[in-house]
Structures are given as C-alpha cells and as structure tokens.
Amino acid sequence: MSRRAPLLRAGAATAVAALCLTAVPQAASAAPETRPPGLAKQDTLRWNTPKDFRIGSAVAGGGHHTSADYPEPFPSDPEYRSVLAREFSSLTPENQMKWEFIHPEEGVYEFGPADDIVDFAEANGQVVRGHTLFWHSQNPDWLEEGDYTPDELRAILKEHIHTVVGHYEGRIQQWEVANEIVDDSGNLRLQENIWLRELGPEIIADIFRWAHEADPNAQLFFNDYNVEGINAKSDAYYALIQDLLAQGVPVHGFGMQTHLGLQYGFDGRMQQNLQRFDDLGLETAVTEIDVRGPVDGDDRMTDELRRKQADWYRTALEACLAVEDCNSFTVWGVLDEHSWVPNTFPGYGDALTMEGDYERKPAYDALQEALVRSQPGGDAKWEHHPAFR
C-alpha cells in the first residue's frame, strides 16, 4: 500500500468575524457581554458557574444534522451562536472531529468545521473538549472496508492522532481519546472496534502516548456511557486505568457521558463513583448529559416527567460539583430539535434544557439553581436571583 502525505483542507473560508461574538475575559465565571436586550447577564448558566468549573454544550453539526430539515445551526444561525457564547464556558464538537468528518479520505483531513468551533470558543473565552480519537463508530468506509495489514492500520492510527491533536496543539483543553471501548458486561469491545480487533488491547496505551506527544498540555480522557454508577462497566475502566497509570501511561481523566432515560433507574452512587476516579488522581467530567423520556405527538413529556428530568439533571450536577476534580459538566446540545435522541430512540425525546425559541425548561432552572447554591452564600444568593424577578 502506498502512503501519501496528508492533505489538510481548511474547508470553506468562513470569516471568523461572522462566527464570533465580542471576546470576553477568560475567567470561567465570566459571561460574554453579548446578550438579548433586557436579559440580565446574571441570569445565565455561565454567569453562575463557580470559578474553575466549566458548564458546556455540544455544538450541533454532522451526524443526523446533515439529513435534517434545517441548516446546520452553528454556521447558519447567529442566535444559536449567541446562546452558545452566553450560556456556556466549554464547547464540544458533536460530530465535527469524529473520523468520518475530519478524516473522510485516506490522507485527507477536513479541518474547516472544527476549526470554526475552536476559533469561536477562543474569541468568547471558552475552552474546547476534543471528541473523539478512537471509537468503534462513525469511522469512514475507506478505513473500515480497507484491506490493511495490522502494521498499516497502526501507522494510519498514529498519523491520525498526531495530525489531529497536533493541528490543535495548545487549543484543546481535554481530549476524549478512547470512547466507548468497554461493553456493559465490562469487556473490551474486541470485535466491534477495528483497532482493538486488529491491533489488540495494547494499542490503548499507545494512543494515549501518541496524543500526549502531539500536545503535552492537553488532558487525556476515557469516555463512556452507563458508567455513572458502580457496575461492571465502570469497574472495568477503574481497573484498566489503574493498570495504565502503573505503566506510566499519560491518562488524565475519566468522562461519564450520562445519557439517561427516565424509563430506567438512575444509580444514586454517581458521586461515590466519581470520587473513586478522583482518588486515582484523575480529572473527572460529565461529558454528554441528556435525560430522555416518552413523548407525545408534540414531542413533549408530561409535566410530571419534566419535573423528574429536572431532578436528575440537578442530581448529576450536584454529584460532579461535590467532587474536587470534577470540573466540567456538558449538556449534549442546546435545543431539543437538534438532539440526537429522537433519531436514535423513536418515541423518546424532550431530553435537553431548552426548546422552541430557546425557552427554558425546568431542567435548565434546576441546573442554574444547583450552580448558584454550590457557592458560598449560595442559598441566599438564589433567593435574590434574577430568575425570581
């Protein structure tokens, strides 16, 4: 197989000025000055976030959005960008950094859409989480269907990590390096994941080392779903990370996606689980939270279920806030109409914190209240908060 130097495409020449709002101070608790008339800047999630804590959102794009009946929100909708900047201090590209979008052909990289998000974040005093480098899903056909030897696959993977992480060196706070590599029984996905299947479990240590070589200052994470509680899956990660740390592998964090369904239970040991990873010396994070439930013909849950949803959002945030090095909490999107949930779970939805014309749901209020109350004098501050006016 012949190898060729990677072709780096910047994508469409989107003017950064068209995407960015007024730059703001870098402090985590600061909010952009751009806001709708009459809305107090204190009445946002970002403004009420404790110092050194990040409240985040996924930036809609790629995936199911490419076939949706609306233009992709980030490049096309100024109001959407305004809300991203006002409400959140951390952004995660939803699909724009996944293999099939950023590396669509062998040796060809499409950085344009992800570059726009990173530029926007920097202009608005936000950090970025990179998502993701090593996964069994959303890989391009040329990779999954290619006739490569193990040595060739290893070279492709190493080049990808060095190229992508190196392209954003110094600009990505946390990389989700390995995503969903363990199944619910606690076993590695040796057949589903092309890298694990062809290269063996030893490749896990290598990908963290390669990412660290490409950006020594980025924090490197494992990331998965159904690991909020203490179970076979989270136990497997706990053991794996202990083993890697003993080998000197640069693993810095563990991310809990926290895609929750109201039809299932919510393990009350989330804080305890976060704490045991914290005790290993890791950063922890809630990386992709949404809380779905059964919806009616208007794609809306009952008021009772919305109250339950709000309680689960609050519980998850409070668990993170209670653990010293759980410093990032990301909601997997802004508006329900952009959510991945209805496409994946027909009959379920209403999973995010805003709807319609950015109307706030009880889940939004629960997050804001938890953020305010978590700080010194928070109970009194909440009683006089603009949300009550």
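The values are calculated or read from the model by the stated rules, or taken from the named source; none is laboratory data. Computed from a prediction, not measured in an experiment: that's the story for all the values here. Note: ideal-geometry Cβ built from the backbone for every residue, glycine included; neighbour counts use all protein chains shown. For the accessible areas, the whole protein counts, side chains as well, though only heavy atoms, and no ligand, DNA or RNA atoms are used. Shrake-Rupley method; radii C 1.70, N 1.55, O 1.52, S 1.80 Å.
Worth a mention:
- With every protein chain in place, segment 53-384: carbon and sulfur % of accessible area (1.4 Å): 45
- Ellipticity estimate at 222 nm from DSSP helix runs (n ≥ 4, -39,500 (n - 2.57)) divided over the chain, nearest 500: -10000 deg cm²/dmol
- Note on the chain: with charges restricted to the Cβ of Lys and Arg (+1) and Asp and Glu (-1), its dipole about the Cα centre is near 1060 debye.
- Subtracting the Cα-Cα distance of residue 79 and residue 147 from 0.36 nm times their residue separation leaves 19.9 nm of extension gain.
- When the chain is described by a simple charge dipole with +1 on each Lys and Arg Cβ and -1 on each Asp and Glu Cβ, the residue from 75, 177, 49 located farthest towards its positive end is 49.
- Electrostatic tally near residue 229: other residues with Cβ closer than 11 Å to its Cβ, Lys and Arg +1, Asp and Glu -1, net -1.
- Computed lengthening from residue 357 to residue 381, 0.36 nm per intervening residue step minus Cα-Cα distance: 5.9 nm
- Peptide ranges 266-274, 131-139 listed from the most packed, as the mean C-beta count within 10 angstrom indicates: 131-139, 266-274
- Compared with the dominant principal axis of the Cα atoms in the chain, helix 150-167 is inclined by about 40°.
- Tensor-based shape of segment 206-285 (alpha-carbon gyration tensor, a/c under 1.5 rounded, otherwise prolate or oblate): prolate
- From the coordinates shown, Kirkwood radius over Cα pairs in Å corresponds to which of (i) 20.7; (ii) 23.7; (iii) 21.4: (iii)
- Once C-alpha pairs closer than 8 Å and six or more residues apart are averaged by separation and normalised to the residue number of the chain, the relative contact order reads 15 percent.
- Taking the Cα centre of segment 239-389 as origin and assigning +1 to Lys and Arg Cβ atoms and -1 to Asp and Glu Cβ atoms, the resulting dipole is close to 240 debye.
- Sorting the segments 286-293, 147-154 by their residues' average number of neighbouring beta-carbon atoms within 10 angstrom, most packed first, yields 286-293, 147-154.
- The distance from the alpha carbon centre of segment 266-318 to that of segment 63-114 is 24 Å, rounded to a whole number.
- Residues of the chain: accessible area per residue with a 1.4 Å probe, Å²: 40
- Computed from label points 7 Å out along Cα-Cβ, the spacing between residue 198 and residue 365 is 5.3 nm.
- A simple charge model with +1 on the Cβ of Lys and Arg, -1 on the Cβ of Asp and Glu and nothing else charged puts the dipole of segment 153-270 at about 100 debye relative to its Cα centre.
- Taking Cα atoms only, the orientation of helix 78-87 departs from the longest principal axis of the chain by about 80 degrees.
- 0 to 90° range, to nearest 10: angle between helix 362-373 axis and the chain longest Cα axis: 90
- Neighbour net charge for residue 345 - beta-carbon separation under 14 angstrom, K R +1, D E -1: -3
- The length gained on full extension between residue 108 and residue 303, counted as 0.36 nm times the residue separation minus their Cα-Cα distance, comes to 65.4 nm.
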